[in-house]
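The values are calculated or read from the model by the stated rules, or taken from the named source; none is laboratory data. All figures in this text were calculated on a predicted structure; none of them were measured in a lab. We place every Cβ from the backbone using ideal geometry, glycine too, and count neighbours over all the protein chains shown. Side chains are part of the model used for accessible areas, which takes the heavy atoms of the whole protein and leaves out ligands, DNA and RNA. Shrake-Rupley method; radii C 1.70, N 1.55, O 1.52, S 1.80 Å.
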Amino acid sequence: MAKKAKEVVEAAPKFKQPWLGFLVFGTVLMMAYIVYQWFLHPVWGLATHMVKYNAMVMALGLEGLLGAQGLSLGLLLSLNNPMYMALYPLGYLVDWIPYFIFCIVWVFTIAFLTLWVPVAPLKRQPWAGLGVLVASAILAYITWYILAIIVGMKGYEMIILGTSGFLVFPIWVTLFNYWPFATPKRMGMHPLIKGGTYAIISWILAIAIYHVVNKIIWGVYGIQSAFTQYVMGIPLMPLLPFEPYDYWNSLLLSIIVGATIISIINPWAGKIAQPKRGLLLFLIAIVLGVAMWFIITYALNPSSQTLLISGAVPWLFTFTYTSHAVVAAYVAFPLVTLLAGQLAFQMWPWNKWGTKGNIGLVITAFVVGTIVYYLFMVNPGWAVPLMGGNLLVPMSGLEALYLFFWGVGAMIPSYTYLFIVFGLYFEGLAEFVGHSLLFAWLLTVVLFGLLAYEAFHRWPWE
């Protein structure tokens, strides 16, 4: 009798919701931010080192050798500028993003599709969870190395491929309910056979989606996705370098959000057999994601860009355009809150009210995600200090260059415009980097941590 009582006590959860959810999600955020500070920070991160040279010395030194072009080149080299993929095809900001997307893909393959963590949680924690985590990280690096070094794919090409995988791999769990291996007869098959089958089919589908998207970008209809790069015949690649990629990446992410919403609402559960139900749900997810993308892109996302025309009399003008990078950044916030509610908080408290509760979770996740997006990315813009974007100007020597032109402009009126232009550039740089880093970190590192923590079965909190 005492032994039975002990088993009951051990089986009881240590913490109830929502405290368990706060502990789980707080642990994920803390570990993800430690990874960011150690590995990804724009100044001292091992995988980034955006600040490589002193901007003051580099810019003025090259200006003396090459003139005005040398000044721009000095700024470019001093920051290892992430917007020039011709110079840095794998470089910052896009060097580490595909790696963590591949981590997400592989943790789904191992933990959810091979070992079936939600159905039969792994025992002997934390070693089982650590094994899944390490294996996912190693396989992700091998994938990145093959594609980046051997195949020669650019960073953003790998991001689109990885995002395509992020769309495909989870649907076997969330929409198809482990079909075709969910039958009692097939449940006893070797895990490597199940996981390998899912992985092969998913990679084929992901590569097919990537090639379709890439063909559309650079093919006959490429101008439809890149038209904002040209105004009055002026190429704007330095201002909007990722626009063709962002155009499709934002659409893929919107469909991922649509699939997540459908998996939470979970309509027709047990009423339609697989794979018909999975295919129907996936079709609905695509329609929902595309509709959401159109609404956010063309109804809610007007933006503007400042363009400097160099000539005898430099001048500035602004024009309105649609920033698909902003669309991608926005949908990342509801995606994280949706998965946090579904995994960390285990649908609390919405699981008490059935389908209505599931819809309530979706609505709440969008409200919370929108509020967090506004606070960090719009006003007051907490992304910049949180991600370290505000350190780029003083620690790179840009602050000294800025003050230099301020002093020269005060004495020589013809230099005043340089002070204004560099002032705009320096202020915008911190905001651009901070926002880009928060989006990339939230969408890749945090989501990977949240999914990988499922392999630990919320150890040690549960």
Quiz item: Somewhere in the range 118-129, is a residue at pLDDT 90 or above, open to solvent by 20 Å² or more (accessible area, probe 1.4 Å) and not in a loop (DSSP other than H, G, I, E, B)?
Solution: no
Quiz prompt | Matching residues in the range 144-186 - criterion: being open to solvent by less than 20 Å² (accessible area, probe 1.4 Å) and among the β-branched types (Val, Ile, Thr) | solution = ILE159, ILE160, THR163, VAL168, ILE171
Quiz item: For the range 337-437, list the helices (runs of 4 or more DSSP H) that sit wholly inside it and hold at least 2 residues that are surrounded by fewer than 16 Cβ atoms within 10 Å (Cβ to Cβ) and of a type outside the set (Val, Ile, Thr); which are they?
Solution: 354-373, 398-411
Practice problem: Tell me which of these MET83 doesn't satisfy, since it passes every other one: (1) more than 20 Å from LEU252 (Cα to Cα); (2) surrounded by 18 or more Cβ atoms within 10 Å (Cβ to Cβ); (3) at pLDDT below 75; (4) under 21 Å from the mean Cα position of the chain (by Cα). | Solution: (2)
Quiz item: Can you name every residue in the range 252-275 that is more than 13 Å from the chain's Cα centre (by Cα) and part of a helix (DSSP H, G or I)?
Solution: ILE255, GLY258, ALA259, THR260, ILE261, ILE262, SER263, ILE264, ILE265
Quiz item: Quick check: is even one residue across the range 36-43 closer than 22 Å to LEU161 by Cα and at pLDDT 85 or above?
Solution: yes
Quiz item: Would the range 211-229 turn up any residue that is open to solvent by less than 30 Å² (accessible area, probe 1.4 Å) and at pLDDT 80 or above?
Solution: yes
